[in-house]
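The values are calculated or read from the model by the stated rules, or taken from the named source; none is laboratory data. Note that the structure is predicted; figures quoted are calculated from it, not measured. Neighbour counts are summed over all protein chains in view; Cβ atoms, including those assigned to glycine, are modelled from backbone coordinates with ideal geometry.
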Amino acid sequence: MLESPQSAGGDTLISSSVAAFKALSPRFRKRLEGLTAIHTNNDGVSQELKNGDGAVMRRRELFQEHPIVILHPVTKEKALYVNPVYTKRVVGYDQEESDYLLKFLFDHIAKRQDLQCRVRYEAGTVLVWDQRVTNHSQTLDYPAGERRHGFRLTPLANKPIPSLVEEDDGECAKDHARASLGLC
């Protein structure tokens, strides 16, 4: 952290997507496996376009379908792969159903304090996390006019790997991407 508020605040809440997945009931976890969702950066793009001629477009608008439950490529642990900034819709669900499911998952991740730690910054604090299985958010609890300024490095990552569907009902083998990865 290069600069943080003089008073308390501006901390980062970190939570484990692996722990969030494990905290769900076995039956609900099974229901989530195999589902995919649309992820997009359109909120950030739309916000930047409000700057008109001064807009700085770091990347074009992207839409990508990703699994809701992924498999960590190293630990092989299952994790939720959703967040309220990028995850917009569950594929194959009506909008109302999708909104309901995603709100539940977002709240499950954000409101479960037993899944979180809070990092309070001092000058020179360095925080490292695995972006593939970690959620993070800033606390907006510092006085107006004070700055929170950090430097962030984000390496290129692997494509999210869908988790193996337990007790497969035959649908997994029909999904070429999952079958080609040996997940069925």
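For the stretch 77-131, taking the residues that are in a helix (DSSP H, G or I), of a type outside the set (S, T, N, Q) and within 20 Å of G9 (Cβ to Cβ), the one that is farthest from the chain's Cα centre (by Cα) is identified as K111. Among the residues that make up the stretch 26-46, is at least one of them of a type in the set (A, V, I, L, M), at pLDDT below 90 and under 19 Å from the mean Cα position of the chain (by Cα)? There is at least one residue in the stretch 26-46 that is of a type in the set (A, V, I, L, M), at pLDDT below 90 and under 19 Å from the mean Cα position of the chain (by Cα). For the stretch 135-154, a residue qualifies if it is surrounded by 14 or more Cβ atoms within 10 Å (Cβ to Cβ) and in a strand (DSSP E or B), and the qualifying residues are N135, H136, S137.
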